[in-house]
Amino acid sequence: MWYLKKMWLDHEFGIDAVVIHYTCTPLGGSPDWLQPHETRLMEKNATVKQGLGGTTLVGEDQVATLQVTERPASAPSNARVKVLRMPTSVWNPQTSSFAENYLFHYFFEVWQQGRQWTTPSVTEEIVSKEIEYLDWLGNVPGLCAHWSVYDGDAFVYAPTETPEFIERFGEDSPLRSHKFYGSQDRNLFSRLKWAMTLQLPLPRRWRTKVRGPKGAPVIQGWHVGFVEAPTPPGEFPRAREEWTGYTIHTL
C-alpha cells in the first residue's frame, strides 16, 4: 500500500460537495463505472498525518516513539483534498499474476446549487522505480525510505532489504526488515539482524521501491540506523539514527 494525494479546486461558487470515484485496472484495461468501485468525499480545510508512528532503535536498551501528528494539507484555500490508499499491484487475469504497473482511473462527482454533474474520466499510468542506499562501511543494520508523490503530504515509510540477505536467508526469514515494527522485542530483532548482516559482502545495497503516476516527481529521504564500534570490545554496538536530505525522483 502507498498514498496518493488528489485535489479538486472550487473554481465556481455554490459547490456543496465533491466526491472522487476511482478504480484500477491492468494496463490496457478500461473502467466499468457500473461495477462497484471506490468513492471518497473530498475534504475542505483538509489535514494530513505526519510522523512514522512506530518505534526506532536509538540506543542499546532504549526505543523512541515517533508520534503521529496532523497539519493542514499543502493546498490553495479553494481546494478540496483527499489522500487515497493505493495498491502496490493489481491482479491481471490475462497473465494470472499481479502487476506493479497498472492504470488508475478516476472522475469527480459534484453537487452544486441543487444540481449534480460529473467530470470526464481521467486515466493515469502507475509505475514503480527501485531506489537503493549503498553501505560501503558495513555499519548500517537497517534503514527505511520515506517518500511522497508530488509534495510532502502523503509520506510512505518503506523498510528496505538487501538482495543478498534474501538470497542467503530466504524470502520468509523472520528477520526481514518489514517485520521489524511488528516485533514484540525490537531490541532483540535489531541485534539478530545486525549479526546476520555481518555475514553479507560489502557494499550492502539496501533497496525498496517508490510508486506513483508516470512522470510525477517523488520526494524521498532515508531514515538510517547506524552502529558505532563496540566500547568495550565484545559488547553489542551502540546505535544511532540519522535522517538524510531529500532527493527528487521522476517516475
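No value in this document is a laboratory result; all are computed from the given coordinates. From a predicted model like this one, the values you see are computed outputs, not experimental measurements. As a convention, Cβ positions derive from the backbone with ideal geometry for all residues, glycine included, and neighbour counts pool all protein chains shown.
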Exercise for the section: Pull out the extension gain between residue 30 and residue 129, defined as 0.36 nm times the separation in residues minus the alpha carbon to alpha carbon distance; nm, one decimal. Expected result: 33.2 nm
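Assuming 0.36 nm per residue, please report the length gained on full extension of the stretch residue 115 to residue 89 beyond their Cα-Cα distance.
Numbers: separation 26, 0.36 × 26 = 9.36 nm, distance 3.67 nm.
Taking residue 115 through residue 89 to full extension adds about 5.7 nm, to one decimal.
Counting only C-alpha contacts under 8 Å and six or more residues apart, can you give the relative contact order of region 121-251 as a whole percent? Numbers along the way, then the final one.
Working: 237 pairs, mean separation 47.6, N = 131.
Once normalised by length, the contact order is 36 percent.
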Practice task
Please work out the FRET efficiency for the pair residue 45 and residue 179, using the Cβ-Cβ distance as r and a Förster radius of 41 Å; give the result to the nearest 0.05.
Solution key: 0.60
Problem - Electrostatic dipole magnitude of region 92-145 [Cβ: Lys, Arg +1; Asp, Glu -1; Cα centre; debye, to 20] - result: 300
Problem - Computed FRET value (nearest 0.05) for residue 172 with residue 198, which takes r as the C-beta separation and R₀ as 25 Å - result: 0.75
Completion exercise
Here region 129-135 yields Karplus 3J(HN,Hα) values (6.51, -1.76, 1.60; θ = phi - 60°; whole Hz; Gly and Pro given as x) of 9, 7, 10, 8, 10, 9, 9
Exercise for the section: For the chain, find the longest principal axis of its Cα atoms and tell me its angle to the long axis of helix 186-197, 0 to 90°, nearest 10. Expected result: 70
Completion exercise
The ³J(HN,Hα) series, computed from each phi in region 78-88 with the Karplus coefficients 6.51, -1.76 and 1.60 at θ = phi - 60°, rounded to the nearest Hz and given as x for glycine or proline, is 9, 8, 10, 10, 8, 9, 9, 7, 10, x, 6
Practice task
Could you pull out every residue, at least 5 positions away or on a different chain, whose amide H is within less than 5 Å of the one on residue 5? Hs are placed 1.01 Å off N in the peptide plane, and Pro or chain starts have none.
Solution key: 84
Fill in the blank from the handout: Sorted by chain and then number, the residues having a modelled amide H within less than 5 Å of the amide H of residue 241, at least 5 places away or on another chain, are 226
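Within region 99-163, list the chymotrypsin sites (Phe, Trp or Tyr not before Pro) lying in a DSSP loop whose Cβ has at most 14 other Cβ atoms in a 10 Å radius. Mind dumping the intermediate values first?
Working: sites: 102, 104, 106, 107, 108, 111, 117, 133, 136, 147, 150, 155, 157; in loops: 136, 150, 155.
Hits after loop and neighbour filter: 136.
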Problem - Cα point-scatterer Debye curve for region 2-250, base-10 log of I(q)/I(0) at q = 0.12, 0.14 Å⁻¹ - result: -0.82, -1.02
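Pairs of Cα atoms under 8 Å, at least six residues apart: use those to get the relative contact order of region 2-250, whole percent.
Values: 518 pairs, mean separation 53.9, N = 249.
Relative contact order of region 2-250: 22 percent.
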Problem - Note, ³J(HN,Hα) from phi for region 143-159, Karplus 6.51, -1.76, 1.60, rounded to Hz, x at Gly and Pro - result: 7, 10, 8, 10, 8, 8, 6, 6, 8, x, 8, 9, 5, 10, 10, 10, x
Handout entry: Test item: Cα-centred dipole of region 2-250, Lys/Arg +1 and Asp/Glu -1 on Cβ, debye
Key = 100
